[in-house]
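Let me begin by presenting the structure, written as structure tokens, before commenting on it.
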Amino acid sequence: MRMESFSLNSAKSFIGKNVNLHLKDGSVIVNVHLTSIRKGNFGKGNLLEYTPYGNRKLSLLPLRTVAWAELLNLNLMNMAG
């Protein structure tokens, strides 16, 4: 599922799900679990909080750097492995 503009509302729909995050610079952060959305320091922007697959360490990413998110089907991955 490709989204044309990644906004706060669209980000909220992916909370609790595993996704690939496609960034505006063309890079991709693969297979992450979105855990929450936080306010940035001093109220500047929003941050996506996520954990990479197989890792428990939380990471933060400015929401404005994300171009779109691709929903992953983990059941399909488990069948392949």
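Read the figures in this text as sums done on the coordinates, not as results from a lab. Fair warning: this is a prediction, and the values are worked out from it, not measured in the lab.
For segment 1-71, just run the numbers: alpha carbon Rg, then divide by 2.2 N^0.38 Å, N being how many residues it has.
1.00
Normalised radius of gyration for segment 34-74, please: alpha carbon Rg relative to 2.2 N^0.38 Å, two decimal places.
Dividing the Cα Rg of segment 34-74 by 2.2 N^0.38 Å gives 1.26.
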